[in-house]
Amino acid sequence: MSQNQDTTRYLPLTESTYYILLALVEPLHGYGVMQKVEALSEGTVKIGPGTLYGAFQALEKEALIAKVGEEERRKIYTLTPRGREVLRDQVSRLAIMVRSGSIA
């Protein structure tokens, strides 16, 4: 696993945070993130505006996402290099969990 000390403090990610970071692999505004999270999770995770914007504030403060633009008052965010690393490490953790679960 590629985890380093800079990323381990963020792990494990909550399910909502994981899907938000996954949605922001490409730049999106908040409503786009809400739609993409629902699609990626096959409808199992739905994020409301309050939760999303609270998460945006926390993730931006931790430099995991960054605002990259604004269109018609919609702020557009994307992953930072650190955010990509955290997401990659979470995916590695999940792969281990799936492999371990396959023996059950």
When (1) closer than 27 Å to residue 6 by Cα; (2) modelled with pLDDT of 95 or more are applied to residue 42, the one that fails is (1)
Restricting attention to segment 89-104, and to residues there that are within 15 Å of residue 13 (Cα to Cα) and among the charged types (D, E, K, R), which single residue is surrounded by the fewest Cβ atoms within 10 Å (Cβ to Cβ)?
93
For segment 45-62, how many residues meet the condition of being under 12 Å from the mean Cα position of the chain (by Cα) and either of a type in the set (Gly, Ala, Ser) or at pLDDT below 95 (or both)?
2
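Would you be able to say whether some residue in segment 26-48 is part of a helix (DSSP H, G or I) and among the polar types (S, T, N, Q)?
Of the residues in segment 26-48, the ones part of a helix (DSSP H, G or I) are 30-40.
Imposing the further condition that a residue be among the polar types (S, T, N, Q) reduces the set to 35.
Checked against the condition, which is being part of a helix (DSSP H, G or I) and among the polar types (S, T, N, Q), segment 26-48 yields at least one hit.
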Those residues of segment 57-81 which are basic (Lys, Arg) and at positive phi amount to 73
Can you name every residue in segment 18-34 that is over 13 Å from the mean Cα position of the chain (by Cα) and exposed (fewer than 14 other Cβ atoms within 10 Å of the Cβ)?
31
Filter segment 51-83 down to residues that are surrounded by 16 or more Cβ atoms within 10 Å (Cβ to Cβ) and charged (D, E, K, R) and give me whichever is nearest to residue 17 (Cα to Cα).
60
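Applying the selection to segment 57-88, what residues are β-branched (Val, Ile, Thr), closer than 16 Å to residue 13 by Cβ and outside any helix (DSSP H, G or I)?
As a first pass, look at segment 57-88 and keep what is β-branched (Val, Ile, Thr): 65, 68, 76, 78, 80, 86.
Now drop any that are not closer than 16 Å to residue 13 by Cβ, which leaves 65, 80, 86.
Matches in segment 57-88: 65, 80.
The values are calculated or read from the model by the stated rules, or taken from the named source; none is laboratory data. Because the structure is a prediction, the values reported are computed rather than measured. Please note: Cβ atoms are built from the backbone with ideal geometry, for glycine as well, and neighbour counts cover all protein chains shown.
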